[in-house]
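Trainee: Before I ask anything, here is the structure I am working with.
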Amino acid sequence: MVPKKPSKNTQLNNKFITMDLECIQINNTLIPYLLCWYNGKKSYSYFLTSPYELESLQNSNSDDLESSISAMIQDAMVDICKRKYRGYRIYFHNFSKFDGYFLIRHLSRLGVCDPIIHKDRIISCSFTLYETGVRVIFKDSYLMLPSSLKKTW
């Protein structure tokens, strides 16, 4: 008896969001100032403040800076963790390194984080926002497309 070939899944899963975090380096420290995401129809951007204000904010009080970063991330997560995005995958390019570790540190204050780490790289992270109970999954698009986004286009 010859085994049957597995059937191809012809349905595309379009339940995903792309997200990115932009940073600026001030005094040898990377500081995120922008978080943006795209759901396939509309893009959303959350700004910490202007780069000029960042430098003065960093020099004044690190607690104020951390609070501002947390608020920026919370605003984005409240907008994403809605019923219509339940179970969505959120793809970051290179999430397994800086973006992922940075984001998980802030997400853990906002909800339940369950990262899967292999060889010091974050493979994925399930996140459920306390406020809404909605779960999304963060993944690294670089692990699927192992080259720069610039080279793929």
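Since every read-out is calculated from the coordinates, none of them should be taken as a lab result. Computed from a prediction, not measured in an experiment: that's the story for all the values here. Please note: Cβ atoms are built from the backbone with ideal geometry, for glycine as well, and neighbour counts cover all protein chains shown.
Trainee: I need the peptides 75-82, 23-30, 109-116 ranked by packing, meaning the mean over residues of other C-beta atoms within 10 angstrom, with the highest value on top. Could the numbers behind the result be given before it?
Mentor: Numbers: 75-82: 17.2, 23-30: 11.1, 109-116: 15.0.
Ranked from most to least packed, the peptides come out as 75-82, 109-116, 23-30.
Trainee: Let me ask something else about it. Report, in listed order, any pair from K82/K119; K41/K97; K15/K119; K15/K82; K15/K97; K4/K139 with a Cα-Cα distance greater than 21 Å.
Mentor: Working: K82/K119 32 Å; K41/K97 28 Å; K15/K119 28 Å; K15/K82 13 Å; K15/K97 24 Å; K4/K139 32 Å.
Beyond 21 Å between Cα atoms: K82/K119; K41/K97; K15/K119; K15/K97; K4/K139.
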